[in-house]
Amino acid sequence: MVLLRRATAFILIFLISGCNYPSKPPAPTVDLVATAVTGTLAAEDIPTGQATNSVDFPLPHTVFFISDTSGSAQVWRLEADGATKSRFTVEPEAIDSYDVSRLDGSISYVTNNQLYLVDTDGSERRLLVDNSAADPVAADYFYRQRISDPRFSPNGRYLVYSFNGLWILDLSTYQATQLLVNEIEETESGVSPVAFYTPLVWAPDNQKIVVAIGESENSRLSFLNLSDAQFLTDFETSNGLFCCQIVWAPDGDSVLVGSPYIGLIEPGLWRYDANSGELTELVGVGEGGLFEFVGWPLQLADGSLRYFYTSSTEIPAADLPLFMMSSDGDGVSHRAELRPDSFSNIGEILWADDGLLALIVQLNPSGDISGSVVLAHSDGHQLQILLSDAQQLKWGP
């Protein structure tokens, strides 16, 4: 099943790197989106930096993304007008991973197993870590030699990244400290991880970060206190597997974990206390076998939630279209549909901080991890296509 395959893909990334709302059939808008994407492809031939038709309302920030429209995967920038785009990196090798500082727009990225830092205008390209001489086919390359997953702290002072464990770089002094070292088991049959660490999401207080810990057959998440490199607590789970989207509450006291998939994991929405690790199931498999699928959650400052949702009384054979929803902080009370249309083949979603809009990557039919980017306002404004090929969307400052 598609659902099982996609949930499995999320899990592999970790291993290596009340009121029931009725289900609805796909709305006609889904077909309109597909038509609009096809009709927008020609816009990609417009020269870099030249604007096409701007969006009705400006985006809250610039948007950075990865696209291979130039021949290899590079970082691009879309201006707040929703139309003017420009290529940000011009590297001879593809960009593997990157992040954007919400403080000043600096970009950190990995290419050719080298970690770089570049100012927001593309100047001052600085090499931070170089392990390009490593053999990519070595048995321990992925676990000990590969540089990946740079993550800026919210205040822009620190950069964490993976390199045989977890490192933190103080950008005010350029002093790097290794916080965790990967634990690897080597046997005659090969190399396997005992504990393989990947940084995921910083807390708003700049003191904690959610870390994925990959093991040989399982994966788990934990809160890491960066001041003393101590794990606060692990997330509890019934089967030792985690999926799929993680976001911090604005107060930094908890995280939300959403799953719109079913297979090796269950669909639902959960909250984890950052200090105790206490688990609260907000939405899950309800009485009577109702499956509730919740993806890409967001908690606002007033405690209310935004997420993409649908439900089914049967295990679906393919991904179900999801609807943009709001609710109280319990995930159930005052649940309301924000738009009448639904969205299929979702690869990723980037919410605006205030929940007034979301950028939705709808995957291409070929199965690529990139796709067209749809702008969806939570007040029902007409959908608009911003990009025809993009992935790893991130807000700029």
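The numbers here are math on the coordinates, done by the rules we state, and not lab data. On a predicted model such as this, the values are computed, not experimentally measured, just so you know. Quick reminder, even Gly has a Cβ in these numbers, built from the backbone with ideal geometry, and neighbours come from all protein chains shown.
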Neighbour counts of other C-beta atoms within 10 Å: give me Glu186, Glu91, Glu348 arranged from fewest to most.
Glu186, Glu91, Glu348
What percentages, rounded to whole numbers, describe P(r) for the stretch 305-376 computed over all alpha carbon pairs with 5 Å bin width beginning at zero?
3, 15, 23, 24, 19, 11, 4, 1
Where the centre of each part is set by its Cα atoms, how far does the stretch 263-322 sit from the stretch 341-397, in angstrom?
20 Å
Amide H partners (placed H, <5 Å) of Gly165, local residues excluded
Asn182, Tyr197
Gyration tensor (Cα only) of the stretch 179-299 to equivalent ellipsoid, semi-axes in Å sorted down, yields 26, 21, 10
Order of His61, His334, His381 under a 10 Å beta carbon neighbour criterion, fewest first:
His334, His381, His61
